[in-house]
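The block underneath contains the structure these notes are about, expressed in structure tokens.
FYI, it's all coordinate maths here, none of it is from the lab. Because the structure is a prediction, the values reported are computed rather than measured. Note that we place each Cβ from the backbone using ideal geometry, even for glycine, and neighbour counts take in every protein chain shown.
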Amino acid sequence: MEKNRKYIVLTILVAMVAVAGYLNRNYNDGLPVVSEETAAETAGEATMVSAKAGKPKQETKAPESDALKDAKTAKDTSRSRAMELLNSIINDENSGNENREKATDELAQMSKNMEAEGVIEGILKTKGFEKSVVFITNGIATVAVKSDKSLSASDVAKIQDVVKNNGNISGEKITITQVK
């Protein structure tokens, strides 16, 4: 039973990473590939990418504003399920102390990430970025910002500063994606 719970927790965490990867791929679809030279030159800097870069595509998806809403909903749903599972492990008398400690640590980290994401999204709203979604996982932040105009270097720097200061994440681990 204990092994089954480990596999369930692992499966949920893998699913959360898969959802984040799927959303990230959808936001970054059609973007140019960064060469090793460019990557070396910009190491330590936040990356700003645009969802409209590359070849124009026919619009077959829902409007982008719905994409941000859907991303938040998917994030919240998967986290809620993971938190329920972790709480069940913590409250199960048959769980070993090591499993309870791991589940408690994971739950605490997840709560910390959720709080940081909410704070970052709130601050971004006050700075003029009305709609944004922030994903923080394993010390990496992905920020999707809705903006009708192209993000300037100043905008990217503002977003990066907010994430650094409130998410305790270094610049090279921040990806900023613009959604139009």
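Given the pairs LYS149/LYS173; LYS112/LYS149; LYS102/LYS158; LYS102/LYS127; LYS102/LYS131, which span a C-alpha to C-alpha distance of over 29 angstrom in this model? Write down the numbers at each step before the final one.
Values: LYS149/LYS173 24 Å; LYS112/LYS149 32 Å; LYS102/LYS158 35 Å; LYS102/LYS127 37 Å; LYS102/LYS131 34 Å.
Checking Cα-Cα distances, LYS112/LYS149; LYS102/LYS158; LYS102/LYS127; LYS102/LYS131 exceed 29 Å.
Need one number: nm distance between label points at LYS127 and THR104, each 7 Å from Cα along Cα→Cβ, rounded to one decimal.
Here the modelled spin labels are 3.6 nm apart.
Which order, highest average first, do 139-147, 72-80 follow once you tally other Cβ atoms within 10 Å for each residue and take the mean per peptide? Write out the running numbers ahead of the final one.
Values: 139-147: 20.9, 72-80: 14.7.
The peptides rank, most packed first, as 139-147, 72-80.
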